[in-house]
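The block underneath contains the structure these notes are about, expressed in structure tokens.
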Amino acid sequence: MKKIKYIVIFFLCGFATLSLFSSCEIQESFEYDYAEDNSKLNMSAWTYIQGKDSLSLLKQAILQCKDEALYERKEKATFILPTNQAFTAYLKENKYDNMAAIPVPILKDILRYHIVKAVVNFSDPALAPSNKPIAYTTEKGQIMYLSHTSTYVGLINEGTNNQWQIRTSNLVPNNGVIHVVDHIVFLSEKTK
């Protein structure tokens, strides 16, 4: 009976010690250590697009229009990248059978509207105080309004008839900023 008692005590003590040490963490300082910014991509927007399966239809559109240079350029810009989901919905809504069926001039207009001629990073302290939509010129020559919610979720064309939420924002390629959306966006001004 004594042997069983010592075995039980030994296991209980071992279990308590193991629980104590596995749940403890040594804190070396009382300051928060920030992680490195993992949004810096160290590549061009075009290289990023080529490496993402979720952007394969965008890649196809760019190749179809021979517009790779727009995404490889050295001049910094904001690239709004529509996902495959966005292009699939666009094909269905406009009754196109596939990407090749979309006329090249229409695709060029879509691509150029999705590139803003300025760097818009929602974590920029200069943009923090304002949640109001700011007008930016696109490569197509039209205006795109960019803003963010109080939780820094990016919005496209807020305050117009149609607005879209950015799914992934503030990715930083070598040539600007990338925001990923699940929609083909356009400007639809409110009518009075």
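Since every read-out is calculated from the coordinates, none of them should be taken as a lab result. Bear in mind that the values here come from a model prediction, so they are computed numbers and not experimental data. Cβ sites come from the backbone with ideal geometry, for glycine too, and all protein chains shown count toward neighbours.
With the crude spin-label approximation of a point 7 Å out along Cα→Cβ, what separation in nm comes out for residue 98 versus residue 149?
Label-label distance for residue 98 and residue 149, simple model: 3.8 nm.
Quick one: which residues, 5+ away or cross-chain, put their amide H under 5 Å from the amide H of residue 77? H built at 1.01 Å from N.
176, 177
Do the alpha carbons of any pairs in 76/140; 92/117; 52/74; 92/132; 59/132 sit beyond 27 Å of each other, and which pairs?
92/117; 92/132; 59/132
Loop only per DSSP, at most 15 neighbouring Cβ atoms within 10 Å: give me the GluC sites (Glu not before Pro) in segment 42-94, ordered by residue number.
Hits after loop and neighbour filter: 75.
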